[in-house]
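The next block holds one structure in the form of structure tokens; read it before the comments.
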Amino acid sequence: MSLRSFRRGRLPETRRDGTGLSARVTTRRGDFVLDVAVDVAPGEVVAVLGPNGSGKSTLLGTLAGLHAPEGARVTLGGRTLTDTAAGVAVPAHRRRIGLLSQQALLFPHLSARDNVAFGPRCAGRGRRAAAAAALGCLAEVGVADLADRRPSALSGGQAQRVAIARALAVEPDLLLLDEPFAALDVDAAPAVRSVLRRVVRDTGQTTLLVTHDVLDAVVLADRLVVLAGGRVVEQGPTAEVLARPRSAFAARIAGLDLVPGTASAEGLVTPDGGSVHGTASEAVAPGEPAVAVFAPSAVAVHRERPGGSPRNVLPVRLAALEPRGEVVRLRAAASPAGPPWADGLAADVTPAAVAELGVEPGDDLWFAVKATEVSVHPRRR
Amino acid sequence: MTRAGPRPARRGTVGLALPWPVWVPAVIGFGLIAVPVAGLVVRTDWRDLAALVTTDAARDALWLSLRTGLASTVLCLLLGTPLALVLARSRLPGLPVLRSVVLLPLVLPPVVGGLTLLFLLGRTGPVGQWLAGFGVTVPFSTAAVVIAQTFVAMPFLVVSLEGALRTAGERYEVVAATLGASPLTALRRVTIPVVLPGLVSGSVLAFARALGEFGATIAFAGNLQGTTQTLPLLIYIQSQNDLDGAVAMSLVLVVVAVLVIVATRTRDVSGVR
């Protein structure tokens with residue numbers, strides 16, 4: 001049984017009335033003031049990005065019903081969960097809000113199957129039905145063969161897959177993801193991220209992701225909300241915010257060059273028909289929406305079209321020079337002779353190289369990136 | 001199945017050398033505990049052992065000790081588990097004061113504990129008088145033995161369980177809540193199973209303490225064969241006139257104590273899953 005059919009089979013009265021999540025939280029801790037409004041439409045995945053201390057965890061705790069801030073109003077699917085003005089505070093277990101955090105936190109005394117069956121059992125399903133549903137969910141995340149294992153016998157990646165199955169088995173109205181891959185080692189993270197992306201998309205799960213890893217947001221989120229100093233400094237479609245960051249923090253986290261398009265055998269095809277050569281870092285089928293990612297430090301800058309090995313060479317017009325510590329960031333705009341998606345790309349070069357090139361804003365330049373420096377990730381829409 | 005939790009170091013681990021001043025006092029300390037017990041074994045009259053530990057008084061005392069020890073352990077579980085939960089999880093004001101009160105029997109001489117119980121529940125005591133109105137007399141009954149043992153043993157369970165609860169933290173309960181578990185369901189299906197090793201070792205400690213209880217029992221329950229004369233009381237009485245009998249009886253308690261320790265140690269190694 002797949003997750004999707006499991007969800008269809010159950011709870012026909014599920015309260016999805018098309019209103020999604022609407023949250024407004026204001027609270028004060030010493031000098032720090034958190035004042036945030038976040039909305040998530042049904043089926044939408046929104047990523048909240050922010051540095052440490054930006055109020056992300058307070059926001060999550062308030063939504064999950066674990067914190068009681070000074071001022072908050074949270075509605076989900078037409079139900080009021082928190083309203084400090086009216087004295088409403090629905091307890092965590094009646095919110096229908098799931099939580100997946102860094103640690104899998106599987107109940108150590110239960111097998112993987114019983115961990116996943118825990119939620120359906122709490123919802124009043126019979127032992128056998130819950131166990132069968134749990135097995136279906138485990139199969140959906142690719143660990144059905146581990147159903148009888150205890151958590152202590154699972155690897156970090158396996159445990160996090162079980163935790164994903166457990167969180168989705170209760171069909172929450174909202175799923176909260178709290179840096180869900182931060183504790184996984186670099187080898188396990190892409191596979192788990194790709195599983196989570198697939199099940200979230202397949203089930204149309206309304207999701208709020210909190211992260212400081214821009215890649216999580218790129219892969220999972222439709223929309224990005226950037227938090228800094230306790231307030232929303234920027235929000236919009238993921239690709240748009242990252243391509244044209246308007247806040248300092250967004251610019252810093254967007255310290256990666258992103259080129260949206262669709263996956264191809266060589267790497268990526270851009271909407272204008274151009275191509276970016278690179279290697280897929282996690283499973284992505286040709287034709288699927290994808291994004292090519294590379295570091296600005298991997299970009300070589302030339303006055304004339306370079307010869308030799310780089311596979312990705314594009315003409316750009318220099319928009320700005322931004323000094324950042326040891327390097328200078330060259331921010332590109334689209335050149336009439338080049339692809340439109342070059343707009344916003346960054347290249348980090350040494351001050352010596354800038355002097356040697358003698359560049360100024362408005363100059364026409366060439367950006368070159370080796371194919372081995374470009375990774376291709378799947379993305380939402 | 002692999003097990004998390006502490007495991008003894010095995011071949012291949014090279015420990016750092018202990019500084020020499022540690023060894024001498026360590027050996028003396030070990031001897032202080034081991035030599036008297038060994039002496040007890042040597043001193044035992046093995047030929048008459050069976051006869052000595054099966055006298056009427058001995059059998060009554062052993063049976064009474066086991067019954068009251070188990071009863072007070074159950075009482076400790078029923079009262080001490082909620083108490084530990086309150087101490088570990090609630091946000092009551094004055095919690096440190098509450099905790100100090102609960103730990104009082106650990107530092108109080110048991111005789112003093114027995115006397116306070118007598119003042120409270122004795123025929124002239126405030127609660128005792130009220131109970132007498134219903135024809136209930138607590139002191140110098142088997143119930144008094146159980147109450148005295150519970151009084152001295154409960155802190156062991158509470159301390160052990162509160163430690164386990166604090167180590168486990170609230171994170172599993174939070175997960176359970178986000179999965180739709182009510183607080184009672186989370187307690188039953190998550191919290192208690194997670195701290196079960198702590199609960200078991202706490203109960204074993206409480207049982208052992210109840211079994212060895214002397215001072216509070218003699219002050220509050222007296223020394224009546226078959227009703228309130230537990231094994232430690234009988235041993236003390238016998239040591240005044242029949243030393244062989246006392247030694248034989250002591251050996252029985254030592255054996256029970258060793259069994260209890262073995263039971264807890266095995267839990268420590270394999271119980272934390």
DSSP loop GluC sites (Glu not before Pro) in segment A:249-350 with at most 11 other Cβ atoms within 10 Å of their Cβ, which ones? A:E304, A:E326
I'd like the orientation of helix A:189-203 relative to chain A: the angle between its Cα long axis and the longest Cα principal axis, in ° from 0 to 90, rounded to 10. 60 degrees
Need one number: % antiparallel among DSSP beta bridges in the protein assembly as shown, to the nearest 5. 75 percent
If you add up the charges near A:T270, with Lys and Arg at +1 and Asp and Glu at -1, over every other residue whose beta carbon is less than 15 angstrom from its beta carbon, what do you get? -3
For segment B:112-256, what does the alpha-carbon gyration tensor say about shape, rounded, prolate or oblate, given a ≥ b ≥ c as the root eigenvalues, a/c under 1.5 as rounded, and a/b over b/c as prolate? oblate
Which cross-chain or sequence-distant (5 or more) residues have an amide H under 5 Å from the amide H of A:A333, H modelled 1.01 Å from N in plane? A:R317, A:L318, A:A319, A:G344
For segment A:257-378, average projected area of the Cα convex hull in nm²: 7.2 nm²
Taking the Cα atoms only, what angle lies between the long axis of helix A:127-140 and the longest principal axis of chain A, rounded to 10 degrees? 10 degrees
Taking only Cα atoms of the protein assembly as shown, what ratio of Rg to Rh do you get with Rh as the Kirkwood inverse-distance radius? 1.14
Classified through the alpha carbon gyration tensor (a ≥ b ≥ c as square roots of its eigenvalues; rounded if a/c is under 1.5, else prolate when a/b is larger than b/c, else oblate), segment A:69-223 comes out oblate
Can you name the helices of chain B, as whole DSSP H runs, whose Cα span along the helix axis is 30 Å or more and whose Kyte-Doolittle mean is not below 0.0? B:56-89, B:142-168, B:243-270
If I model a spin label as a point 7 Å beyond the Cα along the Cα-Cβ vector, how far apart are those points for A:D31 and A:A283 in nm? 5.0 nm
Spacing of the two label points (7 Å from each Cα toward its C-beta) at A:A355 and B:V97, in nm: 7.2 nm
Determine the relative contact order of segment A:96-161: mean sequence separation of Cα pairs under 8 Å and six or more apart, normalised by residue count, in whole percent. 40 percent
For chain A, radius of gyration divided by Kirkwood radius, i.e. Rg to Rh on alpha-carbons: 1.02
Roughly how tilted is helix A:112-122, in degrees to the nearest 10 and between 0 and 90, from the longest Cα axis of chain A? 60 degrees
If you count the DSSP beta bridges with both ends in chain A, what percent of them are antiparallel, to the nearest 5? 75 percent
Counting pairs of alpha carbon atoms under 8 Å apart in space and at least six apart in sequence, what relative contact order in percent does chain A give? 16 percent
What does the charge count near A:A295 come to, summing +1 for each Lys or Arg and -1 for each Asp or Glu among other residues with Cβ under 9 Å from its Cβ? -3
Tabulate in residue order the Karplus-calculated ³J(HN,Hα) for segment A:148-158, using 6.51 cos²θ - 1.76 cosθ + 1.60 with θ = phi - 60°, rounded to whole Hz; enter x for Gly and Pro. 8, 6, 7, x, 5, 9, 10, 6, x, x, 5
Taking the simple approach of a point 7 Å from Cα along Cα-to-Cβ for both B:A34 and A:E240, what is their distance in nm? 7.8 nm
Determine the gain in length on full extension of the stretch B:T54-B:V24; use 0.36 nm per residue of separation and subtract their C-alpha separation, reporting nm with one decimal. 6.6 nm
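Since every read-out is calculated from the coordinates, none of them should be taken as a lab result. In this text, all values refer to a predicted model and were calculated from it rather than measured experimentally. Cβ atoms come from the backbone with ideal geometry, glycine included; neighbour counts cover every protein chain shown.
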